[in-house]
Amino acid sequence: MNKGKVSILETNLLYLITALLLVTIGAYVQFVNIKTGLVITQYILVLLPVIIFLKIKKESLRTFLRFNRLKFKHGLMTVGITFLVYPVAVFFNSIMLTILTYLGMEIRPLPIPMPNNFIEYAILFFIIAISAGICEEVFFRGLLLRVYGEKYKLAGVAITSLMFGIFHFNLQNLAGPIVLGLVFGYLVYITDSIYAGIIGHIANNGLAVTLMYGLNVLREGVSQYGSITPENSMPNTYQLIAGTITLGVIAAVSGFFAYLLIKKIKEDIELDSNNPRLDSDNLKDDLYSDDNTSYNNEELSYRDLTIGDDYDSNLSSKQKIYKIVEFIPLLIVVAMYVVFSFYQFYRL
């Protein structure tokens, strides 16, 4: 292995370790105190391992994680894209909920604290939006997308978005995060800046917290004039079907406009005369070159370490075994996800 190069196996092992920390220590500290537990989970269990790992590998955090400049207008467009994609994510989550209720499974509210006043809203905005936006993006669109994107190019966006959805360990909240992971990952991919993912993540979670706060204020206001639906009640199958159809129409329209904004960002990047990645034929190959700065501060750049197209056909038996072994940590996490999902609905 080349000096300083981060392998798929190492990355997957870190993903497994972080998942284990999440479902053990993370679950415990959140059970004791949800707000403090979420802070510990984000900064200690998600962000810190990435920093330690890259320091051990002697990688530049700024270069490896792509803390590259993002144009202000692209940042604003990312916020707009996120707001437009929000109904799409909710729509796919609604489909999942409808399927689960149809199968007779009990749907439970997500374990997210509700802000009852402005102070709690500000605190939760920092924890759920800002903290998660920074820490989770560094882990998924920083570390994972860097490694998977280098080897699998655009397919790395899809792979890491699936890993992002599984990482939530909640079957009710699987499809939405996958959709958001695809959008955030692609924005980071085309802009070569993790700031696109961070801004999008903060905007999405911030919108969710804001909506929860607004609904809570509205509920309290309406309750003064009569009884209302209990806070923790969940809709039945027919209500979910009707809601899903409505959401589908909204998602189709908003998703189209989100696509136009994403397309506009990509066109801006390709037309930017100051961008060394201007040549559209070589855009994907150059997206990870960090403006011609060598990946490991050596003569050989990170892009030059890319595995060739005919690599798989020339693998020896040991190399083929290694390629299988390097994905075993992912299979373990998937198995964990299945067990937790089964426990969530059947309470073993």
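Please determine, by comparing only the residues of the range 89-117 that are more than 23 Å from S341 (Cβ to Cβ) and touching a residue at least 12 places away in the same chain (Cβ under 8 Å), which one is surrounded by the fewest Cβ atoms within 10 Å (Cβ to Cβ).
For the range 89-117, the residue satisfying everything is N116.
Against the condition of a type in the set (A, V, I, L, M), within 30 Å of I262 (Cβ to Cβ) and in a helix (DSSP H, G or I), how does L70 come out, does it pass?
no
Sort out which residues of the range 96-128 are touching a helix residue (DSSP H, G or I) at 6+ places or on another chain (Cβ under 6 Å) and part of a helix (DSSP H, G or I), and write them in order of number.
Listed by number, the residues that qualify are M96, L97, T98, T101, Y102, Y121, L124, F125, I127, I128.
Within the range 185-201, identify whether any single residue is assigned to a helix (DSSP H, G or I), without any contact (Cβ under 8 Å) to a residue 40 or more places away in the chain and not charged (D, E, K, R), and answer yes or no.
Taking every residue of the range 185-201 in turn, none turns out to be assigned to a helix (DSSP H, G or I), without any contact (Cβ under 8 Å) to a residue 40 or more places away in the chain and not charged (D, E, K, R).
Could you list all residues from the range 138-155 that are of a type in the set (D, E, K, R) and part of a helix (DSSP H, G or I)?
R141, R146, E150, K151
Within the range 1-30, which residues are of a type in the set (S, T, Y) and in a helix (DSSP H, G or I)?
Within the range 1-30, T11, Y15, T18, T24, Y28 qualify.
Scan the range 1-48 for residues that are under 18 Å from the mean Cα position of the chain (by Cα), over 16 Å from P111 (Cβ atoms) and of a type in the set (S, T, N, Q) and jot them down.
T11, N12, T18
Tell me which of these E137 doesn't satisfy, since it passes every other one: (1) at pLDDT 95 or above; (2) more than 11 Å from the chain's Cα centre (by Cα); (3) of a type in the set (D, E).
(2)
Go through the residues of the range 31-39 one by one and say whether even a single one is within 27 Å of R146 (Cβ to Cβ), in a helix (DSSP H, G or I) and at pLDDT 95 or above.
Yes: the range 31-39 contains one or more residues that are within 27 Å of R146 (Cβ to Cβ), in a helix (DSSP H, G or I) and at pLDDT 95 or above.
Can you find even one residue in the range 42-61 that is of a type outside the set (V, I, T), surrounded by 17 or more Cβ atoms within 10 Å (Cβ to Cβ) and assigned to a loop (DSSP other than H, G, I, E, B)?
Yes, because at least one residue in the range 42-61 is of a type outside the set (V, I, T), surrounded by 17 or more Cβ atoms within 10 Å (Cβ to Cβ) and assigned to a loop (DSSP other than H, G, I, E, B).
The values are calculated or read from the model by the stated rules, or taken from the named source; none is laboratory data. Since the structure is predicted, the reported quantities are computational estimates derived from the model, not experimental observations. Here Cβ is always computed from backbone atoms with ideal geometry, including for glycine, and neighbour counts include all displayed protein chains.
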